[in-house]
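The values are calculated or read from the model by the stated rules, or taken from the named source; none is laboratory data. Since this is a predicted model, take the numbers as computed values, not measurements. Here the Cβ positions follow ideal geometry from the backbone for every residue, glycine too, while neighbour counts run over all protein chains shown. Accessible surface is based on the protein model in full, side chains and every heavy atom, while ligands, DNA and RNA are left aside. Shrake-Rupley method; radii C 1.70, N 1.55, O 1.52, S 1.80 Å.
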Amino acid sequence: METISPKLLNWASILDDKTRAQAVMTAALPFIYPHLALMPDAHLGKGATVGSVIPTLRAIIPAAVGVDIGCGMIAVRTQYSVKDLPKDRKRLREDIERVIPLSAGHNNRQVLPTAEPRIADLKRRAANAGFNPAQYVPKWELQLGSLGSGNHFIEISADEDDGVWLFLHSGSRGIGNRIAQHHIGVARHVSRKNQIYLPDPDLAYLDEGTPQFERYIAELRWAQHFALLNREEMMDRVAAQFSRWVGGPVRERERINCHHNFTQQETHYGKPVWVSRKGAIKAAHGDPGLIPGSMGTASYVVEGRGNPASLNSSPHGAGREYSRNAARKAFTLEELKRAMKGIEFRASEAFIDEIPAAYKPIDQVMQDAADLVTVRHKLRQLVNVKGN
């Protein structure tokens, strides 16, 4: 861990100058308390750095939560071993791709029976929060159970003992994005109206106790719950397809579902603060967590060590070294195929920007995080499904 300033602690051994400068700028805001914690996977983000833990006193920065509110991971440890699996992994990949829309939620044509109680729950929560999600996305219900694109994925993986895991990464989809963008705009408007100078407009904030703050928190919490249920819905569908493929039921030995783009109230260094983890997971002592690598590299099942300096946090993944545009220019489909050798995946130029070489080495990230989490399992991919 490196102390960049009294307000900024850094766990990233790989950190470019632009990312460092962005984190320094955010940490200098007067309501940051006690300090901003920069995780090992830190990289440049919109407004605030991805891979940062941002504690704020009586204020919140919507862009520091991110536009994919509640994005995170879910994993299920099954009773199966690699030796129990059929040889035709392509069939499983195609079955998963058939039952889960892989990009925008409008590709969903109907609400499946498994989703109905989850949608009913979300409607009740929205009514209690005093808003109608349809004001943002008219058919938001169809987005529940859709994966999204970019770095979102579904994987079948194996641990060090050849135990089989179901593993996926997704968030609150278009509805969460619309909610986030709306409140980022509200925060900017408030800052302009109050003539508040900010080094970056995306650091615009809302003050606790104002109607704008209360409205954002209510809708944020709803979107975080949508993201959690979205992962649950997809995991149930994946488990059903996996069960058909192996010819037997899935008995879940463990299920972990954790956010890595979210805000909640916590107490740190003697004061109640709003902790925004933008690309970080909560890693209090004993907390189970999931840290994926990039496609083609290892992922980790971890347990939090409760490091107080990190505000009980840890990294959420490998972290980009190349932007998406830079990766598309630097790498080829053939290089991606070589990187994915031995893994069943859909070879497509659409995924070149997700090539492992575009990310920080996950093993280095985990080495940097040694005082933040304990590794329980190291996973390798067998099947990879991505949205486009």
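Within the range 282-344, the trypsin sites (Lys or Arg not before Pro) that combine a DSSP coil assignment with at most 16 other C-beta atoms in a 10 angstrom radius are Lys341. Ellipticity at 222 nm from helices only: DSSP H runs of n ≥ 4 in the chain, each -39500 (n - 2.57), divided by the residue count, give -9500 deg cm²/dmol.
Across Arg118, Arg20, Arg215, mean-square fluctuation computed from a Gaussian network of the chain (C-alpha pairs under 10 Å connected) peaks at Arg215. Residue by residue, the range 48-58 carries 3J(HN,Hα) couplings of 10, 5, 6, x, 9, 10, 10, x, 10, 8, 6 Hz when phi is fed to the Karplus relation 6.51 cos²θ - 1.76 cosθ + 1.60 (θ = phi - 60°); x denotes Gly or Pro.
For the set Lys337/Lys386; Lys90/Lys329; Lys123/Lys386; Lys83/Lys378, the pairs lying more than 21 angstrom apart at their alpha carbons are Lys90/Lys329; Lys123/Lys386.
Overall shape of the range 93-232 was characterised from the C-alpha gyration tensor. The equivalent ellipsoid obtained from it has semi-axes of 33, 19, 14 Å, in decreasing order. Taking all Cα-Cα distances within the range 1-157, those exceeding 24 Å account for 56%.
Taking all protein chains together and rolling a 1.4 Å probe, Thr374 ends up with roughly 60 Å² accessible. Evaluating 6.51 cos²θ - 1.76 cosθ + 1.60 at θ = phi - 60° for every residue in the range 197-212, the Karplus couplings come out as 7, 10, x, 8, x, 6, 8, 4, 10, 10, 8, 4, x, 8, x, 5 Hz, glycine and proline recorded as x. GNM remark for the chain: springs join alpha carbons under 10 Å apart, and the peak mean-square fluctuation among Asp236, Asp162, Asp88 falls on Asp88. In sequence order, the range 70-85 has phi-based couplings of x, 4, x, 10, 9, 9, 10, 8, 8, 8, 8, 10, 3, 5, 7, 8 Hz under the Karplus curve 6.51 cos²θ - 1.76 cosθ + 1.60, θ = phi - 60°, and Gly or Pro positions carry x.
What share of the DSSP beta bridges in the chain is antiparallel, in percent to the nearest 5? Restricted to the chain, the bridges split so that about 95 percent are antiparallel. What you get for the chain, charging only the Cβ of Lys and Arg (+1) and of Asp and Glu (-1), is a dipole of about 760 debye around the Cα centre.
Residues whose amide H falls under 5 Å from that of Tyr80, counting only those 5 or more places apart or on a different chain, are Val164, with hydrogens built in the peptide plane.
If you wrap the tightest convex hull around every Cα atom of the range 29-108 and split its volume per residue, you get 192 Å³. Database remark: amide H of Arg58 closer than 5 angstrom to the amide H of Trp274 (H placed geometrically; neighbours at sequence offset of 5 or more, or on other chains; Pro and chain starts carry no H). For Val373, the residues whose modelled amide H falls within less than 5 Å of its own, excluding neighbours fewer than 5 places apart on the same chain, are Arg305. Restricting attention to the range 1-99, close to 70% of DSSP beta bridges with both partner residues there are antiparallel. Note on His189: accessible area is roughly 100 Å² with a 1.4 Å probe, heavy atoms of protein only. Atom-type composition of the exposed protein surface of the chain places 50 percent of the accessible area on carbon and sulfur (1.4 angstrom probe). Accessible surface calculations at 1.4 Å, restricted to protein heavy atoms, place the chain at 40 Å² per residue.
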